[in-house]
Amino acid sequence: MMFDIKGIRSQFPALKRIVNGFPAVFFDSPGGTQTPQCVIDKMLDYMIHHNANSGGVFATSIETDEIILNTRHAFADFFGCNPTEVSFGENSTAINLKLSHAIARDLKPGDEIIITDIDHDANRSPWQILEERGIVIRSVRVNLESLTLDMQDYKNKLSTNTKVVAFNYGSNAVGTISNAKEIINLARSVNAISVVDAVHYALHGVIDVKDLDVDFLFCSAYKFFGPHVGVLYSKTECMNTLKTLKISAQKNIAPYKFETGTLNSEGIAGALAAIEFIADIGNKHPEYLNINQVQYSQRRKEIICGMLAMENYETPLANYFKDELLKIDGLKLYSPGKDQLCTSTISFRMNNMQPLEIAKRLADKGIFVWAGGFYVVGLMSALGLEERGGMVRIGLAPYNTKEEIDRTLNEIRNIARD
């Protein structure tokens with residue numbers, strides 16, 4: 001079945017926006033996607049009809065507990081895990097700060113943690129802070145030609161002293177998808193805990209935590225059509241032994257032992273709707289179901305099909321976009337090679353203008369893109385771009401079109417001629 005781009009776009013009210021007389025083009029998805037009407041409606045319905053704190057015996061509190069539980073089940077289908085392995089938090093950065101400090105309670109001076117130069121600061125700083133406790137932090141280099149992790153450098157840094165390996169699944173700056181399974185297997189060989197930042201990847205690929213055999217993985221619903229809610233997967237045995245930072249009144253069992261204070265219930269309701277939105281796309285694309293996936297729940301099957309349908313729509317558009325950008329004189333593309341898995345995220349610089357100025361020029365034409373370093377300090381420093389304004393970053397989502405790409409290319413060509 002053809003991807004119903006018209007039907008998809010009709011579900012996003014934001015796409016009707018006009019800027020300076022131009023229809024808005026939302027190429028800002030690496031910083032967060034736009035929100036479909038079903039998510040907005042779910043959050044509004046919660047606030048009107050179900051708003052209460054959890055744990056009570058009256059209707060709205062009981063309904064709130066049910067919504068939270070239903071959302072745990074939805075994310076269990078999203079991750080491929082058990083509902084008790086799903087915890088909610090404020091956002092991914094806060095989740096990782098809490099996680100890193102909880103794990104550190106079992107570490108001692110001289111223990112080592114491996115991070116990477118391609119990671120977002122949300123999966124670097126929470127570990128680097130632990131240096132004040134005498135813990136050694138080692139960062140894996142990036143191959144600056146392929147924009148991939150230097151796996152030999154990773155293997156060289158890995159040792160019996162390594163207690164944690166923290167890395168991102170997909171780069172929010174240049175789109176590189178790392179070989180998460182290999183990295184985790186190598187970490188497992190030295191009995192190190194694996195922590196995966198899937199914030200960027202979650203919009204662009206199927207997550208299967210059991211196949212990865214990862215210990216902890218986190219993401220944020222606002223990156224895939226939902227509100228600002230962080231979500232953590234924890235392997236059961238890891239959460240059971242984790243000394244979480246919690247108050248005495250908090251339950252000391254998974255998944256509650258990681259959830260401090262009152263949860264963002266309306267956001268959790270919206271996150272459930274975001275998962276259902278992806279599943280609804282998948283329901284229309286059963287052709288992507290693999291025979292090896294028949295044992296999954298119906299919703300997980302639909303989520304898998306939805307993720308694959310979206311990426312199979314976006315990938316040819318991203319490749320076309322990159323090919324056309326490469327034809328522009330004075331433009332340097334920062335992207336993995338075509339033989340390397342990557343998301344539909346496109347970053348570049350131009351010789352004649354700073355990234356921020358390019359973003360402003362495009363914004364005047366109603367085209368929303370990002371400019372800067374995107375909190376990827378290690379990569380920007382390695383590329384020599386940290387003090388030079390970083391890059392222009394464009395991200396495709398399943399509501400973007402070839403017409404929007406051509407319009408953007410035309411504006412970038414005009415900028416290049418100035």
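The values are calculated or read from the model by the stated rules, or taken from the named source; none is laboratory data. Predicted, not measured: the structure shown is a model, and the values here were computed from it. All Cβ positions, even for glycine, are placed from backbone atoms using ideal geometry, and neighbour counts span all protein chains on display. Ligands, DNA and RNA are stripped out before the accessible areas are found, and what is left, the full protein with its side chains, is counted by its heavy atoms. Shrake-Rupley method; radii C 1.70, N 1.55, O 1.52, S 1.80 Å.
Quick look at the numbers
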| quantity | calculated |
| --- | --- |
| Tensor-based shape of segment 306-418 (alpha-carbon gyration tensor, a/c under 1.5 rounded, otherwise prolate or oblate) | oblate |
| Accessible-area composition of segment 263-360, carbon plus sulfur, in percent [1.4 Å probe] | 51 percent |
| 28 Å Cα-Cα threshold exceeded, pairs from LYS181/LYS301; LYS108/LYS223; LYS98/LYS301; LYS327/LYS360; LYS163/LYS210 | LYS108/LYS223; LYS98/LYS301 |
| Backbone N under 14 Å from the THR236 label point (7 Å along Cα→Cβ), restricted to segment 191-222 | 210 |
| Inter-label distance, nm, simple model (7 Å from Cα along the C-beta direction), ASN312/MET151 | 2.7 nm |
| Segment ASP280-LYS108, length gained on full extension (0.36 nm per residue, minus Cα span) | 57.2 nm |
| Gain upon complete extension [VAL136, SER10; 0.36 nm per residue less C-alpha separation] | 40.3 nm |
| Antiparallel DSSP beta bridges within segment 164-243, percent to nearest 5 | 45 percent |
| Nearest-0.05 FRET efficiency for ILE48 and THR260, computed from C-beta distance (R0 35 Å) | 0.80 |
| Alpha carbon centroid spacing (whole Å) that separates segment 173-195 from segment 39-69 | 38 Å |
| Order by protection proxy (mean Cβ within 10 Å, highest first), peptides 319-325, 204-210 | 204-210, 319-325 |
| Rounded D (µm²/s) - segment 192-318, Kirkwood Rh over Cα pairs, Stokes-Einstein at 37 °C, 0.692 mPa s | 203 µm²/s |
| Residues of segment 49-111: accessible area per residue with a 1.4 Å probe, Å² | 43 Å² |
| For the chain, diffusion coefficient by Stokes-Einstein and Kirkwood Rh (Cα), 4 °C, 1.567 mPa s, µm²/s | 58 µm²/s |
| Rounded D (µm²/s) - segment 258-355, Kirkwood Rh over Cα pairs, Stokes-Einstein at 25 °C, 0.890 mPa s | 147 µm²/s |
| Burial order of peptide ranges 358-364, 170-176, 264-270, 28-34 (average beta-carbon count within 10 Å, highest first) | 170-176, 264-270, 28-34, 358-364 |
| Top of ASN240, ASN292, ASN53 by mean-square fluctuation, Gaussian network on the chain, Cα under 10 Å | ASN292 |
| Peptide ranges 58-68, 11-21, 229-239 listed from the most packed, as the mean C-beta count within 10 angstrom indicates | 229-239, 58-68, 11-21 |
| Helix-derived mean residue ellipticity, 222 nm - over the chain, DSSP H n ≥ 4, -39500 (n - 2.57), to 500 | -11500 deg cm²/dmol |
